[in-house]
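Right, one structure below, let's go through it.
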Amino acid sequence: MSAVEAKRGPRWNLRAFAELSSDELYEILAARAEVFVVEQRCAYLDIDQLDRAALHLWSPLPDDAARVGAYARLLPPGSRYASEVAIGRVLTRGAVRGTGWGRALIAEAVRQASLRWPAHDQKLGAQSHLQHLYAEFGFAVCGPEFVEDGIPHIEMRRAR
C-alpha cells in the first residue's frame, strides 16, 4: 500500500454483533488471529463470548475493502467491567501501522464509547509499552502491571 492510500484515512464501520454479515465477522476474526495469535504469538481463546455484547468498530484497508485494517471492540458497562465501558482487541494490520491509523482508531473508539455510554468511564488493558499512546487520549494507569498471554499489560481508565 502506498503512503497516499494510507493517508486517505480510515472509513469507520460500527456494528452490533447481530448486524455483522458473515463476511464482516470472518474478516474481523481473521484480523484478530493474524495480529494477536500469529504476530504476537499468543495462544488464547479469542472468541470469548463477549463479542455478542460488543459493538465492533473497524475500517477496511484502503487498497482492499474486504479486509480489516484497524479494529476495536467496545463493550457496554457490566459486560467486562462492572461500571466502565471496555475498549479491547485494539489492532492495526501491518499495512497501516505507522500511518496514524492506530491513533485514529483510539480516537474513534473513545468518541463512539462516549456517544453511546456518556455516563460511564472507559477502561482498557493496554500492552504496557503502549501506555503512553493511550495517555494521549486521557487514559491513566489504574492498576498494577500484569502479564496476559506472555505480554506485560496495565489497566488504564479514562474518566467521562
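Count Lys and Arg as plus one, Asp and Glu as minus one, and take only other residues whose Cβ is under 10 Å from that of D121; the net charge is then +3. For a test of the definition: using alpha carbon positions, the gyration tensor, and the 1.5 limit on a/c, classify the chain as rounded, prolate or oblate. Rounded is the answer for the chain, as its axis ratio a/c remains below 1.5. Label-to-label distance, H132 versus D149, with points set 7 angstrom from Cα along the beta-carbon direction: 2.4 nm.
How far is helix 22-32 tilted off the main Cα axis of the chain, in degrees rounded to 10, range 0 to 90? Between helix and principal axis, roughly 70 degrees. Dividing the summed helix terms, -39500 (n - 2.57) for each DSSP H run of n ≥ 4, by the number of residues in the chain produces a 222 nm estimate of -6500 deg cm²/dmol to the nearest 500.
Local charge sum around A86 (other residues, Cβ-Cβ under 10 Å, Lys/Arg +1, Asp/Glu -1)? Net charge in that neighbourhood comes out at +3. Between the range 87-160 and the range 47-66, the C-alpha centres lie 16 angstrom from each other. Any idea what angle helix 101-116 forms with the longest principal axis of the chain, computed on alpha-carbon atoms, 0 to 90 degrees, nearest 10? That helix lies at roughly 60 degrees to the long axis.
Every read-out reported here was derived from the displayed coordinates using simple, explicitly stated rules and does not represent laboratory data. Remember, predicted model here, so these are calculated numbers, not experimental data. Counting neighbours? That spans all protein chains shown, and the Cβs are built from the backbone with ideal geometry, glycine included.
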